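Here the structure comes first, spelled out in structure tokens, and everything after it is commentary.
The values are calculated or read from the model by the stated rules, or taken from the named source; none is laboratory data. Being a predicted model, the structure only gives us computed values, none of them experimental. Ideal geometry is used to build each Cβ from the backbone, glycine not excepted, and the neighbour counts take in all protein chains shown.
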Amino acid sequence: MIKYTFEVEGMMCGMCETHVNDVVRKTANVKKVTSSHSKNVTEVISETELDVDAIKAAISGQGYNVKAVKKEPYEKKGLFGIFKK
């Protein structure tokens, strides 16, 4: 799986987080998306490569500013994640 971290400016409250999450879900087939207005971050987890430009355009279309995008491998953590090597 792949984790994308978008630096999103302009989110002011929980409702802003919901708007960003909804637009990301509508734009791409993602496994999980979470946003934090206090950290100015939206994290997206996907099983496949995403069209980052399309997601950035969709978020910008909602009135938010996407500054940077970071992509990294994602491994699920949890109770059974400790047994994976």
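Looking at residue 45, is it in contact with a helix residue (DSSP H, G or I) (Cβ under 9 Å, 6 or more places away or on another chain) and surrounded by 11 or more Cβ atoms within 10 Å (Cβ to Cβ)?
Here the answer is no, as residue 45 does not meet what is asked.
Is there any pair linking a residue in the range 44-63 that is under 15 Å from residue 29 (Cα atoms) to one that is assigned to a helix (DSSP H, G or I) and aromatic (Phe, Trp, Tyr), with Cβ under 8 Å and at least six apart or on different chains, and which?
From the range 44-63, no pairs qualify.
Just to be sure before I move on: is residue 54 buried (at least 17 other Cβ atoms within 10 Å of the Cβ) and either closer than 18 Å to residue 73 by Cβ or more than 9 Å from the chain's Cα centre (by Cα) (or both) in the structure I sent?
no
Modelled with pLDDT under 95, on the phi > 0 side of the Ramachandran plot, not acidic (Asp, Glu) and not in a helix (DSSP H, G or I) - does that describe any residue in the range 68-75?
no
Condition check ((1) hydrophobic (A, V, I, L, M, F, W, C); (2) surrounded by 14 or more Cβ atoms within 10 Å (Cβ to Cβ); (3) touching a Leu at 6+ places or on another chain (Cβ under 6 Å)) across all residues:
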residue: 8; (1), (2), (3): yes, yes, no
residue: 40; (1), (2), (3): no, yes, no
residue: 60; (1), (2), (3): no, yes, no
residue: 72; (1), (2), (3): no, no, no
residue: 76; (1), (2), (3): no, no, no
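For every residue, the table says whether it meets (1) part of a helix (DSSP H, G or I); (2) touching a helix residue (DSSP H, G or I) at 6+ places or on another chain (Cβ under 6 Å); (3) modelled with pLDDT of 95 or more.
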position: 12; (1), (2), (3): no, no, yes
position: 17; (1), (2), (3): yes, no, yes
position: 22; (1), (2), (3): yes, no, yes
position: 33; (1), (2), (3): no, yes, yes
position: 38; (1), (2), (3): no, no, yes
position: 55; (1), (2), (3): yes, yes, yes
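Residue by residue through the range 10-38, note down the ones that are among the hydrophobic types (A, V, I, L, M, F, W, C) and either within 21 Å of residue 73 (Cα to Cα) or exposed (fewer than 15 other Cβ atoms within 10 Å of the Cβ) (or both).
Once the filter is applied, which keeps residues that are among the hydrophobic types (A, V, I, L, M, F, W, C) and either within 21 Å of residue 73 (Cα to Cα) or exposed (fewer than 15 other Cβ atoms within 10 Å of the Cβ) (or both), the range 10-38 yields 12, 13, 15, 24, 28, 30, 33.
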